[in-house]
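Here the structure is laid out as structure tokens; the discussion comes afterwards.
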Amino acid sequence: MGRLAGIGGSNRSMNSGSDPKHAAGMDPDSDPGQAAVALAYQRFEPRAYLRNNYAPPRGDLSNPDGVGPWKLRCMAQVFATGEVSGRVLIDIGSGPTIYQLLSACAHFEDITMTDFLEVNRQELGLWLREEPGAFDWSVYSQHVCLIEDKGESWQEKERQLRARVKRVLPIDVHKPQPLGTSSLAPLPADALVSAFCLEAVSPDLASFQQALHHITTLLRPGGHLLLIGALEESWYLAGEARLSVVPVSEEEVREALVLGGYEVRDLRTYDMPAHLRTGVDDVKGVFFAWAQKTEVQV
């Protein structure tokens, strides 16, 4: 799960003597709910998050009915259509994960990864530079090669992804220009990917919809958005951090996409089975959306 691309996600209470906006290094005129979340996320621990979600049991890819194979299958099937391709792809709120780009990397030569937290950008850097101590994604790479069935080795898959990720940048989806005023990423993008981000950084549904609007400005008309997220989740753990999530339903996701100027090409859901409800969150399921930005924005 790539979680962090902004400063929303919780309305956690603060000590009366603290100033969440100041502590998070934010504009004092910014939304107080988003400011509280920015502060809460300073306790986010990437390795704890990875253990909770990408090591067994959730990281067991041997069971085709598991959540991991389902997410990888959704991505692989969309890219197999040949309709989602181009030069520039931006991954919104990558968190400390790379799996969401394993199928995408064959179809885009310039990939930008992004995250709000420096600790997550550092975690990505370890993997991209093949440094000792980097999280081992080889099981995911092997599984994607298996389901794509192109005769590609997992080493070749990872080599291609590393070569095509050109930059890892800060992002804040709650700003009208999420990548800042002088973005280092080429814009507009031909496609966006975002996994477990918008609902995790938005204090309410309106903020979720606004964040979607902000990232949509980075996408060209006719471009594609691949969105993965949690259904009906209100909190999750990442080490010492217990982080709030805005619970969204399948229909609320569909409505947000339509209101955001997209044609929904596909929207699938996965019910989290009991053995994968491990106490690290209260997620009920996962959604996968393939949406295409309309040529004329209203």
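The values are calculated or read from the model by the stated rules, or taken from the named source; none is laboratory data. Since we're looking at a predicted model, the values are computed, not measured. We place every Cβ from the backbone using ideal geometry, glycine too, and count neighbours over all the protein chains shown. We work out accessible area using only protein heavy atoms, side chains counted, and drop any ligands, DNA or RNA first. Shrake-Rupley method; radii C 1.70, N 1.55, O 1.52, S 1.80 Å.
Worth pointing out:
- Of the numbered criteria (1) modelled with pLDDT of 80 or more; (2) assigned to a helix (DSSP H, G or I); (3) over 21 Å from GLY95 (Cα atoms); (4) open to solvent by 20 Å² or more (accessible area, probe 1.4 Å), the one ASP65 fails is (2).
- Subset of segment 145-188 (residues that are in a strand (DSSP E or B) and within 26 Å of GLU83 (Cα to Cα)): VAL165, LYS166, ARG167, VAL168
- Checking each residue in segment 32-49 for being buried (at least 20 other Cβ atoms within 10 Å of the Cβ) and either hydrophobic (A, V, I, L, M, F, W, C) or free of Cβ contacts under 8 Å to residues at least 40 places away in the same chain (or both) picks out ALA35, ALA36, VAL37, ALA38, LEU39, ALA40, PHE44.
- Selected residue (only one of ASP266, ASP281 is surrounded by fewer than 17 Cβ atoms within 10 Å (Cβ to Cβ), under 20 Å from the mean Cα position of the chain (by Cα) and not β-branched (Val, Ile, Thr)): ASP266
- Every listed requirement among (1) over 17 Å from the mean Cα position of the chain (by Cα); (2) of a type in the set (A, V, I, L, M); (3) farther than 18 Å from TYR262 by Cα is met by LEU169 save one, (1).
- Screening VAL245 with (1) β-branched (Val, Ile, Thr); (2) open to solvent by 20 Å² or more (accessible area, probe 1.4 Å); (3) in contact with a strand residue (DSSP E or B) (Cβ under 7 Å, 6 or more places away or on another chain); (4) farther than 22 Å from GLN177 by Cα gives one miss only, at (2).
- When VAL193, VAL139, VAL173, VAL168 are checked against the criterion of being open to solvent by 40 Å² or more (accessible area, probe 1.4 Å), closer than 30 Å to HIS213 by Cα, of a type in the set (A, V, I, L, M) and out of contact with any Cys (no Cβ under 6 Å at 6 or more places or on another chain), a single residue qualifies: VAL168.
- Residue ID - most open to solvent (accessible area, probe 1.4 Å), chosen from residues in segment 68-120 that are small (Gly, Ala, Ser) and farther than 25 Å from PHE44 by Cβ: ALA80
- Check on LEU218, under 18 Å from the mean Cα position of the chain (by Cα) and either of a type outside the set (Gly, Ala, Ser) or more than 20 Å from CYS74 (Cα to Cα) (or both): yes
- Just one of the numbered conditions (1) open to solvent by less than 40 Å² (accessible area, probe 1.4 Å); (2) of a type outside the set (Gly, Ala, Ser); (3) within 27 Å of CYS105 (Cα to Cα); (4) in contact with a strand residue (DSSP E or B) (Cβ under 7 Å, 6 or more places away or on another chain) is not true of TYR236: (3).
- The set of residues from segment 68-102 being in a loop (DSSP other than H, G, I, E, B) and closer than 20 Å to LEU198 by Cβ comprises VAL84, GLY93, SER94, GLY95, PRO96, THR97, ILE98.
- Residues located in segment 251-296, provided they are of a type in the set (S, T, N, Q) and out of contact with any strand residue (DSSP E or B) (no Cβ under 7 Å at 6 or more places or on another chain): THR278
- Checked against (1) over 16 Å from HIS224 (Cα atoms); (2) in contact with a Phe, Trp or Tyr (Cβ under 7 Å, 6 or more places away or on another chain), LYS284 passes all but condition (2).
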